[in-house]
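For reference, the structure discussed in these notes is given below.
The values are calculated or read from the model by the stated rules, or taken from the named source; none is laboratory data. The model shown is predicted, which means the values in this text are computed figures rather than measured ones. Every residue, glycine as well, gets a Cβ built from its backbone with ideal geometry; the counts of neighbours run over all protein chains shown. Only protein heavy atoms, including side chains, enter the accessible area calculation; ligands, DNA and RNA are left aside. Shrake-Rupley method; radii C 1.70, N 1.55, O 1.52, S 1.80 Å.
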Amino acid sequence: MNKRLFFLMYNMAKDNKAVGRIAVFVASHTNKIYALVYLIGIVYAFFQNSNLLFRFILIPFITIVYNSILRKILNRPRPFKELGIESLIEHEDKGSCPSNHAVSAMIIAMAWCSIFPVVGAILIVLAIFTGLSRVMTGVHYPVDVFLGWLIAIVIGCLGFFVFFEKSVDKCLLLWYYK
């Protein structure tokens, strides 16, 4: 099922030039957008209070470290390597699962959900497009991206909402509060 879904998405980008260009653009540039958005969040948190700054830095850090360790343990080959296809973007042939881009984008979106839910919700949508573009360009399987999103959502909910705010409700209904 994973490979079938992969080929469906990959072929959509490979066979349709417009879709392919969009997927390549998103896969190549959203990391810069998320880095900027994260930096803006850090600056905002710095001027608010030290607790907000602490969690805005700590929880994404823990998430990325956890993902990196899991990725080394799983050591899954990338689709372009395993299937002998051409990826639509240049990419190193290091571990594929879980996707660092999916984890990073989603945990930054979760961080923003903890301070501005509407901005966070917009970033979650962009994180979904980021993950899908990674599959469409041939550098990740769908399960790599899904696992990345899941890791970020679980750690983000536990860290930002359950541990720091003591509120499961806010985690489950991010855009209905404040």
Restricting attention to the range 86-140, the residues that are at pLDDT below 85 and of a type in the set (A, V, I, L, M) number exactly 2
Quick check: is even one residue across the range 116-123 within 19 Å of ILE40 (Cα to Cα), under 13 Å from the mean Cα position of the chain (by Cα), in contact (Cβ under 8 Å) with a residue 12 or more places away in the chain and buried (at least 24 other Cβ atoms within 10 Å of the Cβ)?
yes
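When you go through TYR44, TYR34 one by one, which is the residue that is open to solvent by 60 Å² or more (accessible area, probe 1.4 Å) and in contact (Cβ under 8 Å) with a residue 60 or more places away in the chain? Outline the logic, then answer.
Numbers: TYR34 fails: open to solvent by 60 Å² or more (accessible area, probe 1.4 Å).
So the residue among TYR44, TYR34 that is open to solvent by 60 Å² or more (accessible area, probe 1.4 Å) and in contact (Cβ under 8 Å) with a residue 60 or more places away in the chain is TYR44.
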